[in-house]
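Asker: Structure below; questions to follow.
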Amino acid sequence: MAKKTFFITGANSGFGLAIASAAIQMGHTVIGTVRTETSRAALAGSLPAIRTVICDVTEFDRVPDVVAQAEEEHGPVDVLINNAGYGHEGVLEESPLEEMRRQFDVNVFGAVAAAKAFLPRFRERRRGFIVNVTSMGGMITMPGIAYYCGSKFALQGISEVMRSEMAPLGVRVAAVCPGSFRTDWAGRSMVRTGRSISDYDALFDPIREARQAKSGKQIGDPDKLATAVLALVETEAPPPQLLLGSDALKLVSERIQRLQQEIDAWKAVTISTDS
């Protein structure tokens, strides 16, 4: 396997840390972004071989300069792992729009800003690989995570367009869509809107309690996800999206079946609008 240089956003925890660790173990060079000096020191202590840069992906205008400096110091980047993101949980009616804006700033605009910083470099070199970490929540929905699913649906669609635009130029793009994994997503990393409307208690309270109880006990192993991602970036013909986790496979497959049933049931109305 040829040695590569990885640029991983949000490299100090969760999938970012797992992928960075696995890549370094395989002899790759890894540049990881963190948001604070405290996180930088902690990451350097746990993973001394990593090269770290301070970068908040929501500082959109600064991202190109961070990327330029990273390539100047460490050479051309081969793989961008767009991992930075977090979860938001809350009933839609109860959740302030500011929380939605922040969710999209990180999960969508931050990922696009990082990709756009690398696209001209990858295009000029006629090579490169972009992995956008989305979620099974970018292909299915469930009550209480409207902002999160919305952001991941958006990134999923953007990834497919980016893929079609960049493929003729030698740049590969794939979305990784994990199910439930043992990360901090449902724990300390999740932003939770407070409850205020009792009409939603029966629907949502059990969902919130179950998610909190399951946190840290999910079936998905982040280290195995990292192995799968490293295998993905070695492929010449990656899929547009790669589901990871048996729960993602089950829930997305069921949604596709329901969607086909809905399409079939309403086919007559669908085609009735043609002139």
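The values are calculated or read from the model by the stated rules, or taken from the named source; none is laboratory data. These numbers were taken from a predicted model, which means no experiment stands behind them. Neighbour counts are summed over all protein chains in view; Cβ atoms, including those assigned to glycine, are modelled from backbone coordinates with ideal geometry. In case anyone asks, the SASA skips ligands and DNA or RNA and just uses the protein heavy atoms, side chains included. Shrake-Rupley method; radii C 1.70, N 1.55, O 1.52, S 1.80 Å.
Asker: Please give the helix 222-232 orientation as an angle from the longest Cα principal axis of the chain, in degrees from 0 to 90, rounded to the nearest 10.
Answerer: Once rounded, the angle reads 70 degrees.
Asker: Between ALA2 and GLN212, 0.36 nm times their residue separation minus their Cα-Cα distance comes to what?
Answerer: Residue separation times 0.36 nm, minus the Cα-Cα distance, leaves 71.5 nm.
Asker: Roughly speaking, what % of Cα-Cα pairs in segment 189-241 are separated by over 15 Å, rounded to a whole number?
Answerer: More than 15 Å apart: 67 percent of the Cα pairs in segment 189-241.
Asker: Select from segment 47-156 those trypsin sites (Lys or Arg not before Pro) which occupy a DSSP coil region and have at most 12 other Cβ atoms within 10 Å, ordered by residue number.
Answerer: Filter output for segment 47-156: ARG126.
Asker: Just one of [x] 40; [y] 37; [z] 30 is percent of Cα pairs over 28 Å apart as worked out from the coordinates here. Which one is it?
Answerer: Given [x] 40; [y] 37; [z] 30, the calculated one carries the label [y].
Asker: Additional query: For segment 1-54, what is the convex hull (Cα atoms) projected area averaged across all directions, in square nanometres?
Answerer: For the Cα atoms of segment 1-54, the hull's average projected area reads 3.1 nm².
Asker: Mind jotting down the three principal axis lengths of segment 61-102 based on Cα atoms? Whole angstrom, largest first.
Answerer: That gives 47, 20, 9 Å along the principal axes, largest extent first.
Asker: If the chain between ALA49 and LEU169 were fully stretched, how many nm would it gain, using 0.36 nm times the residue separation less the Cα-Cα distance?
Answerer: 40.0 nm
Asker: Let me ask something else about it. When a/c reaches 1.5 or more, the comparison of a/b and b/c decides; with that in mind, is segment 169-269 rounded, prolate or oblate per its Cα gyration tensor?
Answerer: oblate
Asker: Moving on to the next point. Using a 1.4 angstrom probe on heavy atoms only, work out the carbon and sulfur share of the accessible area of segment 60-201 in %.
Answerer: Roughly 53 percent of what the probe reaches on segment 60-201 is carbon or sulfur.
Asker: What 222 nm value per residue comes from the helices of the chain, counting each DSSP H run with n ≥ 4 as -39,500 (n - 2.57) and dividing by all residues, nearest 500 deg cm²/dmol?
Answerer: -14500 deg cm²/dmol
Asker: Taking the Cα-to-Cβ direction at ASP201 and at GLU59 and moving 7 Å from each Cα, how far apart do the two end points lie in nm?
Answerer: Calculated label separation equals 4.5 nm.
Asker: Remind me, relative contact order of segment 125-212 in percent, using alpha carbon pairs under 8 angstrom and six or more residues apart?
Answerer: Reported relative contact order: 35 percent.
Asker: Given contacts defined as C-alpha pairs under 8 Å and at least six residues apart, what's the relative contact order of the chain, whole-number percent?
Answerer: Answer for the chain is 19 percent.
Asker: Also, I was wondering about something else. What is the helix-to-structure angle for 146-166, meaning the angle in degrees between its Cα long axis and the longest Cα principal axis of the chain, kept from 0 to 90 and rounded to the nearest 10?
Answerer: The helix 146-166 is inclined about 50 degrees to the chain.
Asker: I've got another one for you. Given 0.36 nm per residue, what is the gain on full extension from ALA237 to THR141 after removing their alpha carbon distance, in nm?
Answerer: So the chain would gain 31.7 nm between ALA237 and THR141.
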